[in-house]
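*Asks:* Handing you a structure now.
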Amino acid sequence: MFAVKKRVSIEPQVGVVLGSGLGDFAQTLEGLVRIPYAELPHMAATAVPGHAGFLCFGRAGEVPVVCMQGRLHLYEGHPVDKVVQGVRVMARLGVRCVLLTNAAGGLDPAWAAGDLMLVLDHLNLTGASPLVGADDPSLGPRFPDMTDAYDPALREALHAVAGEAGIPLREGIYAAMLGPSYETPAEVRMLRGLGAHAVGMSTALEAIALRHMGVRVGALSCITNLAAGVSARPLSHAEVESTARASRDRLVTLLRGWIARGGALG
């Protein structure tokens, strides 16, 4: 945190995490300052295509923002504390809420690539948690409540923004898997049976770490492909990136409006 404050003077109110292919939003921030993860203590560089690996500062309208342009994943071989280090830095910088975005596979045959889904809740099926290990009371309680892991007021705010902009917005449950292989058709059937609507390889661990620290969380999934057994063609990361980039304008509209409302929540 001290290394960050030496390089930027902005005091962010809202944090944003940008998933695969969604990093272009950072370029829309006014007064943009970008710091490579590799230049920050305890932060590891990401090597996944579509994840630039910069901690960005700037303004979205009147709201000061800190933005992760790309994230770390368990499947890269990082320990879980490294995976959530970025959002914990955001929390220590004093953000009021963090908006998480991700690219996800759709589990409902009626959905299509390019749909946007507001995350109502998650299934953490990664086999990991950022809270495992020695207790650190300075971060939060040993047993944090996750009843409202995804803040109801932030969900209402995004619905309001989407309605005003005329952008269709689905909602559902996000299943977080370890990856990096995509799910088998049998696993997709299992996830649908568990009530999930989208599946990906991120987000849940960040949400747990942030709620542990008392930060409000909202999450938005860009459905970049239909999952195995739902899609008629093989899955690829190139398709994920391409579909996410094609959703850029809608994502920018939603995030800027959501940030304005999130900053006003206090």
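*Asks:* Give 113, 91 a once-over and let me know the one that is of a type in the set (Gly, Ala, Ser), surrounded by 16 or more Cβ atoms within 10 Å (Cβ to Cβ) and touching a strand residue (DSSP E or B) at 6+ places or on another chain (Cβ under 6 Å).
*Replies:* Details: 91 fails: touching a strand residue (DSSP E or B) at 6+ places or on another chain (Cβ under 6 Å).
Being of a type in the set (Gly, Ala, Ser), surrounded by 16 or more Cβ atoms within 10 Å (Cβ to Cβ) and touching a strand residue (DSSP E or B) at 6+ places or on another chain (Cβ under 6 Å) holds for just one of 113, 91, which is 113.
*Asks:* A follow-up question, please. Is there a residue being at pLDDT below 95, assigned to a strand (DSSP E or B) and touching a strand residue (DSSP E or B) at 6+ places or on another chain (Cβ under 6 Å) anywhere in segment 40-53?
*Replies:* no
*Asks:* Which of (1) under 18 Å from the mean Cα position of the chain (by Cα); (2) modelled with pLDDT under 90; (3) part of a loop (DSSP other than H, G, I, E, B) is the odd one out, the single condition residue 24 does not satisfy?
*Replies:* (3)
*Asks:* Next up: Test residue 79 against the stated conditions and say whether it is without any contact (Cβ under 8 Å) to a residue 24 or more places away in the chain and surrounded by fewer than 22 Cβ atoms within 10 Å (Cβ to Cβ).
*Replies:* yes
*Asks:* Which condition from (1) among the hydrophobic types (A, V, I, L, M, F, W, C); (2) touching a Lys or Arg at 6+ places or on another chain (Cβ under 8 Å); (3) surrounded by fewer than 18 Cβ atoms within 10 Å (Cβ to Cβ) is the one that residue 118 breaks?
*Replies:* (3)
*Asks:* Just for segment 17-34: of the residues that are under 14 Å from residue 253 (Cα atoms) and of a type in the set (A, V, I, L, M, F, W, C), which one is surrounded by the most Cβ atoms within 10 Å (Cβ to Cβ)?
*Replies:* Checked segment 17-34; the qualifying residue surrounded by the most Cβ atoms within 10 Å (Cβ to Cβ) is 22.
*Asks:* When you look at residue 158, is it at pLDDT 95 or above, among the hydrophobic types (A, V, I, L, M, F, W, C) and within 25 Å of residue 249 (Cβ to Cβ), yes or no?
*Replies:* Numbers: at pLDDT 95 or above: yes; among the hydrophobic types (A, V, I, L, M, F, W, C): yes; within 25 Å of residue 249 (Cβ to Cβ): yes.
Taking the combined requirement at face value, the residue satisfies it.
*Asks:* Let me ask you something else. Consider residue 65 against the criteria (1) more than 19 Å from residue 204 (Cα to Cα); (2) at pLDDT below 90; (3) β-branched (Val, Ile, Thr); (4) touching a Phe, Trp or Tyr at 6+ places or on another chain (Cβ under 8 Å): it satisfies all of them except one. Which criterion is unmet?
*Replies:* Every condition holds for residue 65 apart from (2).
*Asks:* Here are some residues: 164, 171, 206. Which one is of a type in the set (Asp, Glu), crowded, with 21+ Cβ neighbours inside 10 Å, at pLDDT 90 or above and over 17 Å from residue 25 (Cα atoms)?
*Replies:* Sole residue among the options that is of a type in the set (Asp, Glu), crowded, with 21+ Cβ neighbours inside 10 Å, at pLDDT 90 or above and over 17 Å from residue 25 (Cα atoms): 206.
*Asks:* How many residues are more than 16 Å from the chain's Cα centre (by Cα) and closer than 30 Å to residue 135 by Cα if we restrict to segment 180-210?
*Replies:* 1
Here's the yes/no breakdown for (1) assigned to a strand (DSSP E or B); (2) under 25 Å from residue 167 (Cα atoms):
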{"site": "58", "(1), (2)": "yes, no"}
{"site": "65", "(1), (2)": "yes, yes"}
{"site": "78", "(1), (2)": "no, no"}
{"site": "103", "(1), (2)": "yes, yes"}
{"site": "119", "(1), (2)": "yes, yes"}
{"site": "127", "(1), (2)": "no, no"}
{"site": "136", "(1), (2)": "no, no"}
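The values are calculated or read from the model by the stated rules, or taken from the named source; none is laboratory data. From a predicted model like this one, the values you see are computed outputs, not experimental measurements. A quick note on method: Cβ atoms are made from the backbone with ideal geometry, for glycine too, and the neighbour counts reach across all protein chains shown.
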